[in-house]
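Here the structure is laid out as structure tokens; the discussion comes afterwards.
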Amino acid sequence: MDVGAVLIAVTGVTGTLGAALLTQRGADRAKKRELEMTHAIQEAKENRELRRGCYTQLHRDARQFTTALSRHLYLLRDRLPAEEEVAALEAAKDAYRDRWSETLMIAPDAVIVPAHDLSDALTGVYGQVKRLEQGNCRPGETLRSAAEAQHALWSSVRVMREAMRRDLGISADTDHEAAPHPPTLSAGDRTALTADFALSAEDTDG
């Protein structure tokens with residue numbers, strides 16, 4: 001037997017098998033990368049949908065809490081709220097805080113910062129409203145000052161909403177420049193609030 005021919009044949013077979021093995025390994029790596037990419041895309045999609053659902057509910061609950069505070073102030077202007085009316089405000093507050101706790105676990109800092117500012121503002125206005133309800137006001141706190149603070153909440157809600165939309169890719173990044181800090185009351189707003197919440201003696205003396 002020609003040893004050289006055998007060696008050539010063995011080398012040829014080995015080369016063929018090696019090439020096939022390398023091709024298979026390359027195909028396996030490509031398939032693995034494709035599966036990893038598909039998994040990452042699916043995971044990102046699911047995370048985005050999770051954030052979208054949470055943001056939608058937080059925005060809704062923040063608006064409802066803000067509205068409930070306004071409604072309670074008008075009740076306090078006319079009379080002491082009934083037990084069920086007090087319970088309605090507490091329910092709105094609890095629903096918002098539950099959703100806010102969930103948001104803290106999944107939202108990025110770009111959303112958490114304005115949402116936290118709104119949470120602090122809501123807590124502050126709620127505290128004023130409850131002290132007014134209980135007749136235990138701090139110096140300078142009146143129905144009118146609470147109403148002005150409540151009115152300013154809507155701007156904070158809008159800033160939070162715009163941050164959420166940017167995170168979801170709904171609004172362009174350039175919208176960030178158009179999201180100012182909550183503005184002070186306009187002349188028209190102040191006139192309307194003054195008409196709804198007449199100056200108290202403390203307001204007049206100040």
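The values are calculated or read from the model by the stated rules, or taken from the named source; none is laboratory data. No experiment lies behind these values; they were computed from the predicted model shown. Quick reminder, even Gly has a Cβ in these numbers, built from the backbone with ideal geometry, and neighbours come from all protein chains shown. To get the accessible areas, we keep the full protein, side chains included, count just its heavy atoms, and leave off ligands, DNA and RNA. Shrake-Rupley method; radii C 1.70, N 1.55, O 1.52, S 1.80 Å.
What to note about this one:
- A single entry from Arg190, Arg165 fulfils the requirement of being part of a helix (DSSP H, G or I), of a type in the set (Lys, Arg), open to solvent by 50 Å² or more (accessible area, probe 1.4 Å) and at pLDDT 95 or above: Arg165.
- Residues satisfying the stated conditions in region 45-74, i.e. of a type in the set (A, V, I, L, M) and open to solvent by 60 Å² or more (accessible area, probe 1.4 Å): Leu50
- Looking across region 75-89, the residues that are in a helix (DSSP H, G or I) and surrounded by fewer than 13 Cβ atoms within 10 Å (Cβ to Cβ) come down to Asp78, Glu83, Glu84, Ala87.
- Sole exception among (1) closer than 14 Å to Phe65 by Cβ; (2) under 21 Å from the mean Cα position of the chain (by Cα) for Asp109, by number: (1)
- Hits in region 101-149 (condition: open to solvent by 50 Å² or more (accessible area, probe 1.4 Å) and either of a type in the set (Asp, Glu) or part of a helix (DSSP H, G or I) (or both)): Ser101, Glu102, Leu104, Met105, Asp109, Ala110, Val113, His116, Asp117, Asp120, Thr123, Gln134
- Some residue of region 169-186 being modelled with pLDDT under 95, β-branched (Val, Ile, Thr) and part of a helix (DSSP H, G or I): yes
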